Amino acid sequence: MMNIGMLTGGGDCPGLNAVIRAVVKRGIQLGHEFTGIKEGWRGLLEKKTMKLDAGSVSGLIHLGGTILGTSRTNPFKNEKDAEQVIRNINELKLDALVCIGGDDTLGVASKLNDKGIKTVGVPKTIDNDLTGTDFTFGFDTAVGIVTESLDRLHSTTESHQRVMVVEVMGRHAGWIAVYGGLAGGADVILIPEQPFDIDDVCKHIQNRRSAGKNFSIVVAAEGATPKAAGMITKEKELDAFGHVRLGGIGEFLANEIEKRLKFESRFVVLGHLQRGGTPTAYDRVLATRFGVKAIELLHEGIYGRMVALQGNKIVDVSLHEATSKLKTVDMEMFRTAQIFFG
């Protein structure tokens with residue numbers, strides 16, 4: 001029997017509770033016990049824990065958020081914190097860790113594994129940008145929210161003959177923008193992978209007007225970058241992992257389009273709406289499959305791995321591989337979306 005610690009780190013995401021539920025339920029069947037780490041890596045620094053058993057995970061599969069809480073704490077930002085985390089793991093008598101998170105959280109898990117802490121990672125990010133897995137849980141829910149939002153915005157945008165710019169999440173990868181924009185019938189999609197020329201965007205909208213289409217919807221990932229202006233940010237301060245806070249591309253585009261074309265323009269920032277609420281059926285099932293695989297890897301004595309979806313199979317890849325580079329949008333997918341711009 002092992003005492004396994006489990007934490008959720010980084011931004012919250014629909015499906016986290018489904019993973020927690022699956023890990024604990026399958027783990028109990030295999031004879032293990034669980035300690036929940038509150039508030040991600042910060043919880044390990046401060047020894048904030050809770051007991052996880054069959055009762056505490058009952059009824060979680062449909063709930064958004066995470067019962068463990070989360071934070072963007074980076075214990076490897078300084079050597080003292082990293083040493084404290086390892087010391088606390090030993091004092092809590094944790095035999096292994098299940099780490100649920102994105103690139104930053106799993107990067108910490110990978111470093112801990114290199115230092116002798118047995119870790120397994122579960123990929124979580126609505127951005128869908130982790131290498132080694134076809135999809136991450138939370139992505140499908142986020143895309144559904146974007147699609148529904150675009151459906152609703154179509155009627156009001158067309159009624160007022162406006163240009164509507166919809167800013168969605170996606171720091172370095174535009175998966176949400178491409179999938180959500182394609183499903184929701186966006187007229188322009190802008191992604192971080194391809195810096196754009198504002199003149200080209202305006203020309204496209206003008207061509208639509210000339211063809212009798214008196215409204216346009218532009219979907220822009222928050223990390224989409226205008227060639228002339230560079231990345232648009234809210235503030236210059238960096239988080240614990242060295243990331244600047246993005247936001248503002250929607251407002252920038254709406255202002256530029258209205259100034260250049262004299263068409264009434266508005267912007268909507270979907271923001272954390274994409275993270276919240278009930279996970280879709282797809283995300284519930286994927287999160288559950290990930291959770292089961294993660295605890296079975298630990299049970300088999302396999303560490304330093306991340307569970308992943310490849311095709312329809314749940315497999316495992318090295319944490320090093322998964323966090324070595326971001327998975328950016330497949331340009332073939334983007335070209336498919338471009339067919340419908342117009």
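Laboratory data are not the source of any read-out in this text; all were calculated from the coordinates shown. Just so you know, these numbers come straight off a predicted model, no measurement behind them. Cβ atoms come from the backbone with ideal geometry, glycine included; neighbour counts cover every protein chain shown.
The 3J(HN,Hα) values that the Karplus relation (6.51, -1.76, 1.60; θ = phi - 60°) gives for segment 61-69 are, in residue order, 4, 9, 8, x, x, 8, 5, 8, x Hz. Gly and Pro appear as x. Karplus-based coupling profile of segment 306-313, in residue order and whole Hz: 10, 6, 8, 9, 10, x, 10, 9, with θ = phi - 60° in 6.51 cos²θ - 1.76 cosθ + 1.60 and x standing for Gly or Pro.
Considering the zone a paramagnetic label at Thr278 would reach in this model (a point 7 Å from Cα along the Cα-to-Cβ line), which residues of segment 49-65 have amide N under 19 Å from it? Under cut-off, by backbone N: 58-65.
This ranking places Thr125, Thr288, Thr328, Thr66 by how few other beta-carbon atoms lie within 10 Å of each, fewest first, which gives Thr328, Thr288, Thr66, Thr125. Would you work out if segment 8-109 is rounded, prolate or oblate? Take a ≥ b ≥ c from the square roots of the eigenvalues of the alpha-carbon gyration tensor; rounded if a/c is under 1.5, else prolate when a/b is larger than b/c, oblate otherwise. Because a/c hits 1.5 or more and a/b fails to exceed b/c, segment 8-109 counts as oblate. Measure nothing fancy, just the Cα-based angle from helix 249-261's long axis to the longest principal axis of the chain, in degrees from 0 to 90, nearest 10. Computed tilt is about 10 degrees.
Exposure proxy ranking for Asp127, Asp316, Asp104, Asp200, based on other Cβ atoms within 10 angstrom of each Cβ and starting from the fewest, stands as Asp200, Asp316, Asp104, Asp127.
For the pair His62 and Ser318, the difference between a 0.36 nm per residue extended length and the Cα-Cα distance amounts to 89.2 nm. Taking amide H as placed 1.01 Å from N in the peptide plane, Lys48 has its amide H under 5 Å from the amide H of Lys38, each at least 5 places away in sequence or on another chain. Placing +1 on each Lys and Arg Cβ and -1 on each Asp and Glu Cβ, with no other charges, gives the chain a dipole about its Cα centre of roughly 340 debye. Given +1 at the Cβ of Lys and Arg, -1 at the Cβ of Asp and Glu and no other charges, the dipole of segment 146-200 around its Cα centre is 220 debye to the nearest 20.
Each residue of segment 182-187 was assigned a 3J(HN,Hα) from its phi angle through the Karplus curve 6.51 cos²θ - 1.76 cosθ + 1.60 (θ = phi - 60°); the sequence is 5, 5, x, x, 5, 8 Hz, with glycine and proline shown as x. A full extension of the chain between Asp134 and Ala211 corresponds to an added length of 23.9 nm, given 0.36 nm per residue minus the alpha carbon distance. The H on the amide N of Phe34, modeled in the peptide plane, is under 5 Å from the matching H of Ile4, Leu52, each at least 5 residues off or on a different chain. As a proxy for reagent exposure, ranking Lys293, Lys38 by other Cβ atoms within 10 Å from fewest up yields Lys38, Lys293.
What does the charge count near Val166 come to, summing +1 for each Lys or Arg and -1 for each Asp or Glu among other residues with Cβ under 15 Å from its Cβ? Before the final figure, lay out the partial values.
Details: positive: Arg152, Arg162, Arg266; negative: Glu148, Asp151, Glu158, Glu167, Asp187, Glu222, Glu251.
Charge balance in the 15 Å sphere: -4.
When the Cα gyration tensor is reduced to axis lengths a ≥ b ≥ c, the ratio a/c is 1.5 or higher for segment 140-275, and with a/b not above b/c it is classed as oblate.
For Ser265, the amide hydrogen comes within under 5 Å of the amide hydrogens of Val163, counting only partners 5 or more places away or on other chains and with H modelled in the peptide plane. Spatially, segment 267-342 and segment 77-116 are offset by 22 Å when compared through their Cα centroids. Taking the average, over residues, of other Cβ atoms within 10 Å as the packing measure, peptides 278-287, 253-262 rank 278-287, 253-262 from highest down. Computed from label points 7 Å out along Cα-Cβ, the spacing between Ala228 and Thr156 is 2.9 nm. Over the residues of the chain, the helix contribution to mean residue ellipticity at 222 nm works out to -12000 deg cm²/dmol, using -39500 (n - 2.57) for each DSSP H run of at least 4.
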